[in-house]
1. Quick one, can you get me the convex hull of the C-alpha atoms of region 225-264 expressed as volume per residue in Å³?
2. Under a 1.4 Å probe, what is the accessible area of the chain per residue, stated in Å²?
3. Please give, to one decimal in nm, the separation of the simple spin-label points placed at E199 and D94, each 7 Å out from Cα toward the Cβ.
4. Given a 1.4 Å probe and every protein chain left where it sits, what share in percent of the accessible area of the chain is carbon and sulfur?
5. GNM, the chain, Cα, under 10 Å: largest mean-square fluctuation among M87, M215, M12?
6. In the chain, once you exclude exposed GluC sites (Glu not before Pro) (DSSP loop, at most 13 other Cβ within 10 angstrom), what's the longest stretch remaining?
7. Can you pull out the chymotrypsin sites (Phe, Trp or Tyr not before Pro) in region 164-264 whose DSSP state is coil and whose Cβ has at most 15 other Cβ atoms within 10 Å?
8. Taking every pair of alpha-carbon atoms in region 155-264, give the share separated by more than 22 Å as a whole percent.
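The values are calculated or read from the model by the stated rules, or taken from the named source; none is laboratory data. Everything numeric in this text was worked out from a predicted model, so none of it was measured. Cβ placement follows ideal geometry from the backbone for every residue including glycine, while neighbour counts extend to all protein chains displayed. The area values use the complete protein model at the heavy-atom level, side chains included, leaving out ligands, DNA and RNA. Shrake-Rupley method; radii C 1.70, N 1.55, O 1.52, S 1.80 Å.
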Amino acid sequence: MKPAKTVDFTYMNYLHSARYANDVVDEKEVKMMHNNFKNVSGFLSHICPLFVVIDYTRMNYMSITESTKTVLGYHPNGFLEGGLNFMVSIMHSDFFKTFNQKLFPSNVQFLKTIPQSEHANYIFSFNYRIKNIVGDWVDLYQRSTFITSKETGLPLYCLLVGFDITTFKKDSIMVRTIEKVEQEKGNKLIQTDFFYPYEEDTLLTKQEKNILKWMVDGLSSKMIADRLNISENTVSNHRQNMLRKTNTKNVAQLVAFAISSRII
């Protein structure tokens, strides 16, 4: 008898299971955070246009600001009545696929590495693409924090603010950052990761492969620049591009990735 196939952890799979969560969350905590965020949104609406509270256990929005009409053209009732399914329906399919299968599971995996009592001290930020009411694509930048289950550590509520970054965002790369809130020192960047809705954006160019080959052979940036008749700064730019495309953190990881993946 074949073993049962393991179901991959995705955003949508989680939403369908979250409704069965047994946790009894003190909604006073949620409402307090909600009011704090809403007050900020009210005073700074010109630079912080969207404020949202999501209840994963009911797959709906507890609150969403009127500025959805300014940013996306939709009345807040569209989200309040349609729930998360409405959001999924207007999110770019390639971006949602990446969020569903990679980015959200990665957020949850990170939460599992830290104590549940500290989850609210972390901010998860990323960008995605969504269709406005006239059919144009809008790039949004979202900063969010989670209230999680004391039993499982999984998200029960999400509180987020969103910004329209369409005029600044010129590529299709989804950048996710995780920060830790340190009251006296400010936010500390923990990690940055890159997600690619389009696979072609992860492919190395011919020049990048040439540079990577010399890196594997142990050549310095100056030596590589001399061999390819380019500047050291150009070599550095190519190296940074390769780190982003491969989601590696340093040259050692990049070289190891290149060898194991047989890129060169």
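1. Spelled out: Cα convex hull of region 225-264, divided by residues, is 73 Å³.
2. That works out to 56 Å² for each residue.
3. Result for the modelled spin labels: 1.3 nm.
4. 52 percent
5. Ranking M87, M215, M12 by mean-square fluctuation puts M215 first.
6. The longest uninterrupted stretch comes out as 67-150.
7. F168, Y198
8. Percent of Cα pairs beyond 22 Å in region 155-264: 47.
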